[in-house]
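Beneath this line is the structure, given in structure tokens, with notes to follow.
Laboratory data are not the source of any read-out in this text; all were calculated from the coordinates shown. In this text the structure is predicted, and so the values were computed from the model without any measurement. Because the Cβ atoms are built from the backbone with ideal geometry, glycine has one as well, and the counts that use them run over all protein chains shown.
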Ligand code: 5RP
């Protein structure tokens with residue numbers, strides 16, 4: 001009987017186990033591959049499953065590229081070798097990137113960056129041959145940008161000027177503040193985050209906004225991911241996993 005009441009945390013563990021094993025059994029994730037590893041509470045169990053697959057000999061010689069301090073620490077603790085994207089072993093391109101997401105629309109466009117790791121996550125994903133997203137069902141939405149705020153990574157000196165231009169694009173923009181840290185969140189790259197929301201009745205067009213926002217001077221990157229069509233594994237509260 002399916003469990004009808006799986007919490008989001010349980011769904012994250014479920015989708016991690018299901019997806020990693022499915023990727024191995026379908027030959028999408030193979031020994032010797034260069035694999036980008038995303039960041040967040042869905043990726044943490046996924047990295048544990050990857051370590052279990054390596055320990056069990058179902059995979060070997062995986063070369064990981066990390067997207068954050070959090071993911072690097074997890075890999076180091078679990079014995080997964082981490083390389084720079086620039087290293088001779090990786091040489092700037094990956095076979096596969098695996099990550100979580102904050103919002104997924106029906107075309108598998110994404111918002112990412114809830115953990116403020118969007119810059120490295122996008123560099124890794126956009127330089128991978130294949131991109132796979134693991135998520136619980138709360139992440140599936142009809143349209144992006146009106147519920148979960150779009151993170152925009154900004155050089156701190158441009159905070160006010162970028163905010164004004166984001167408002168001209170129809171959004172509200174608020175500096176993200178730290179928890180157990182006074183002042184703004186500072187990303188792994190030394191920048192701040194502006195969290196942007198569009199009104200629910202607006203015509204927020206992520207495909208065009210991804211490029212338009214990045215043209216604003218002082219913006220480093222934004223969390224719309226619309227130039228890839230990832231494979232999405234979506235866990236549901238009834239204990240099933242949908243592949244879409
Ligand atoms: C981090 C991200 C994460 O993938 C996204 O926030 C999802 O996080 P979680 O798996 O914890 O729900 O983009 O920058």
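Once you reduce the range 116-174 and the range 73-87 to the center of their Cα atoms, the two points are 25 Å from each other.
Springs between Cα atoms under 10 Å define the GNM used for the chain, and in it the highest mean-square fluctuation of 46, 101, 171 occurs at 171. Segment residue 5..residue 180, full-extension length gain: 59.8 nm, with 0.36 nm per residue of separation and the alpha-carbon distance subtracted.
Cβ-Cβ distance of residue 202 and residue 52, R₀ of 41 Å, FRET efficiency by 1/(1 + (r/R0)^6): the value works out to about 0.40. Over the range 1-101, the hull volume per residue, using the convex hull of the C-alpha atoms, is 104 Å³. With helices as the sole contributors, the chain gives -8500 deg cm²/dmol at 222 nm; each DSSP H run of n ≥ 4 counts as -39500 (n - 2.57), and the sum is divided by every residue. Can you work out the PRE-style zone for residue 105? Point 7 Å along Cα to Cβ, and I want the residues of the range 143-181 with backbone N under 17 Å. Taking a point 7 Å out along Cα→Cβ of residue 105, the residues of the range 143-181 whose backbone N falls under 17 Å are 143-152, 169-172. For the chain, the relative contact order is 23 percent, taking Cα pairs closer than 8 Å that sit 6 or more residues apart in sequence and dividing their mean separation by the residue count. The value obtained for the range 98-205, namely the Cα convex hull volume divided by the number of residues, is 120 Å³ per residue. How big is D, in µm² s⁻¹, for the chain by Stokes-Einstein at 20 °C and 1.002 mPa s if Rh is the Kirkwood radius over C-alpha pairs? Estimated via Stokes-Einstein, D reaches 116 µm²/s.
Counting other C-beta atoms within 10 Å, which of 44, 6 has the fewest, and how do the rest follow?
44, 6
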